[in-house]
Each structure stands twice: as structure tokens, then as C-alpha cells.
Amino acid sequence: MTISNKLAHIPDSYFGKTMGRKVEHGPLPLINMAVGIPDGETPKGIVDHFAEAVRIPENQKYGAFHGKASFKEAIVNFYQRQYGVTLDKEDEVCILYGTKNGLVALPTCIVNPGENVLLPDPGYTDYLAGVLLADANPVPLNLDPPDYLPDWRKVDAQTLADTSLIYLTYPNNPTGSTATKAVFDEAIQRFKGTRTKIVHDFAYSAFGFDAKNPSILASKDAKEVAIEIFSLSKGYNMSGFRVGFAVGNKDMIQALKKYQTHTNAGMFGALQDAATYALNHYDAFLDQQNDTFKRRRDAFEKRLKEANLPFVHSKGGIYSWLQTPPGYDSESFEQYLLKEQSILVAPGIPFGENGRHYVRISLALEDDVLTEAANRLVSLSNLYNV
């Protein structure tokens, strides 16, 4: 097999291996609770605007490497309107071809070989690949239940001193935990004036069930320390469009933009026009998305609680984080659910060692299917009572 030593050293992407694979399940109809995107359609107005934009001759040619002024202005206006954050559209905005691309590329852009990068444990699986591609040193940032928030006092002082980059993500994928502005305030002040930078993955920004999710950039001095990566995939049901952006610290943004001039040749103009239309016209839709998933969260957790199944209360995002029964780790319980209940979930171990005894359950299902899934899980309550 022809493969570089560096690429061979990087573990296969969990979701790259599992998405679209043939699943052998038990006798019941399969319920897929492993999916990581909302289940609704892209709003018709966005799709119609995209279709019209495809026909514009300007959009059928190469565009500016760093994006249309109209898209960047929409990003600036959206952040001012939603989070009270002021941005410079040229110096503090970088358009991304899907936020995963930016999250994986960032260490190559700003971290030197051998330097530490702190990765949330549990946290999104593909951060690790970016660190290894940069020949940097991944270090777990242990997050403990029930809140899964960083406690900087518990991180070795020398490790922090040698850390160039920290990944944070709230609402957290996979746990559904959220962060307050005070959490971000503490992180910014802790690392202000040091070599350490922060990237906040804000993919599930629209889903805050107890309070609106704050932007890390709303914290004092945040742009000296941090960037935030925003996705249109979840809130707008636009996962197939592969559009996102990074905003914040000028130096980090410029590094990402330089990297992109060598790896991309400008985002398809019609995609930018569709994203611009979404940002400018669909604030109310984001609220509807949040209401839908809060209602689902409430109903699903109520059933689990009635059966005394141990789970982490979800404050945001689109998932439930269910503890495995005694005698099971996340992978063996995943297989048990698939064979015995025809339920497909994501095992917790790909999200970090702290996910070893949990499974991630997606709430991106129609109400009747979600009810049936809850009933099947509740039927397993005897497993937890041994």
C-alpha cells in the first residue's frame, strides 16, 4: 500500500469509516441515532436563492480567493446582531469550505512541531488528525461530568506553558454541555498575554436550551487570544452545502487565509450567495430549530429519567449522552443495542477516554421514531440494575 508515514500514523476517521456503511442489525426496524446532523430540510428560500445564484454567469467562473464582500458583510452583521461582536470583514473573517477543514488545518497554520495542543476529552473526534498532521503533541483536556467544563487548575502548569493551542467546543459534542460567558471570560484572561491561543468550535451555536449560547468573542480581550469557527450546517440544515467561517484573532485568521490560498481556489459563488441569504434572512429559523430540539430533549430525557437510566442532562446541541450499563464499555454496548434493539448509536470512546462508558444518541429524529427509540431503551432498564 502506498501511503506516507505521516498519514499512516494518523488513525482512521471514525465517522469516515462508519458513515454510509452497511449495518447488520437485529429483527426490529433500524433506528439510526448515530447521525450528527439535524433531520430537517434546508429552508426553501435558501434553496431557491441557491438555484437562482447558480445561473448567474459571475458565479460560474473563478471567484476571489477570500470570498465575496457580500458574504463577509453578512457574517459581520450576523455577529453584531446575534452576539454584539464587532468584526473587521477583511482582517477578522475567513470563509471555510466546511468547518471541519478549518478545524483540522488550524494546527498546521499556527502550531510548530512538538508543541502541545489541548483537546477536550470528551470532544469532537477529528481535532486529533489536525494536531498529528502538524507534528504537534495532542494532550487531553479532561472534562468531568456533569458540566464538562475546563478546570485550568487541574492542568499541569508546565503542560500549559508548553501549549500553543487549545480547542474548546460548546455546546459540547458529544455531551450537550454548554458554557456561560463567565467560562469564556476566565479562559481569555487566563491565557491573555501568553503564547497560548484558543479555537472555539461553535458548530451547535443555535441550540441552547436553558439560555442563548454566548460567543467566546463577546468576552473582554477575546480577539487577542481566540478565534471562533461557525457552521451553517446544523442551525440552517445546510450540512451538504459545506459552508462555514472562522472569525476573531487577526493573526490566526490571516494564517488560515494564507493556507487556503495554497489549498483552495475560492468558494463557489452560488454557495456564498446562499449562505449570505441564510445569514441575512433566517434568524427566526434558528429559534425554531432550538425550540424543536429542546422539545425533543425534554420528552426523551423524561422517559429515561422515569426508567432511572443514567444520562447527562443536555443543555444544548442535538445529542443525549447515555451511560453504559455495568459490564459494558461504549463499543460493546453499541453492538448490544444494534443486535438486540436495532438501534445504532455512536460509541463514546472515539470522543476520548472519558467517553469510554457512554454512548452518544442523536435526537435528530421525528417525534414518533424518537418515542419508539426511548421505549426500546427503557426496556433495557434491567441491565442497569444488576
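No lab work stands behind these numbers, since they all come straight from the coordinates. Keep in mind it's a predicted model, so treat the numbers as computed, not measured. Neighbour counts run over all protein chains shown; Cβ positions are idealised from the backbone, glycine included.
Cross-link pairs exceeding 21 Å in C-alpha to C-alpha distance, out of K192/K234; K154/K192; K6/K223; K72/K257, comprise K192/K234; K6/K223. Under Stokes-Einstein, with the Kirkwood radius over Cα pairs as Rh, the value for segment 55-161 at 37 °C and 0.692 mPa s is 195 µm²/s. Here the ratio of the Cα radius of gyration of segment 124-246 to 2.2 N^0.38 Å is 1.06. Of the two radii for segment 47-86, the radius of gyration is 1.10 times the Kirkwood radius, both from the alpha carbons; that is the Rg over Rh value. Legend: P(r) of the chain from all alpha carbon pair distances, 20 Å bins from 0, whole percents, reading 28, 58, 14, 0.
With semi-axes defined as the square roots of five times the eigenvalues of the C-alpha gyration tensor, the equivalent ellipsoid of segment 259-386 measures 35, 20, 12 Å, largest first.
Comparing segment 321-376 with the 2.2 N^0.38 Å rule of thumb, its C-alpha radius of gyration ratio is 1.11 (two decimals). Across segment 226-240, the residues whose backbone nitrogen lies under 20 Å from the label position 7 Å along the beta-carbon direction of D91 are 226-229. The shape of segment 1-130 can be summarised by an equivalent ellipsoid whose semi-axes, obtained from the alpha carbon gyration tensor, come to 32, 26, 18 Å from longest to shortest. Look at where the Cα atoms of segment 252-271 and of segment 37-51 average out, and the two centres are 24 Å apart. Remark: the N264-S381 segment gains 37.0 nm on full extension, using 0.36 nm per residue and subtracting the alpha carbon distance. Every Cα-Cα pair in segment 164-227 was counted, and those over 13 Å apart are 58% of them. With the cut-off at 17 Å, report for segment 181-263 the share of all Cα pairs above it, as a whole percent. The answer is 53 percent, as a whole percent. Listed by chain and number, the lysines whose C-alpha is less than 27 Å from the C-alpha of K339, apart from same-chain residues fewer than 8 away, are K17, K22, K302, K305.
Across all directions, the average projected area of the convex hull around the alpha carbons of segment 225-332 is 10.6 nm². Suppose each label sits 7 Å from its Cα in the direction of the beta carbon; what would the L7-D221 distance come out to in nanometres? It works out to 4.3 nm between the two label points. Each principal axis of the Cα cloud of segment 280-326 was taken in turn, and the coordinate range along them, longest first, works out to 49, 16, 10 Å. Take the Kirkwood radius over Cα pairs of segment 141-189, plug it into Stokes-Einstein at 37 °C and 0.692 mPa s, and you get 280 µm²/s for translational diffusion. Binning the alpha carbon pair distances of segment 73-127 at 10 angstrom intervals from zero yields the distribution 19, 36, 35, 10, 0, expressed in whole percent.
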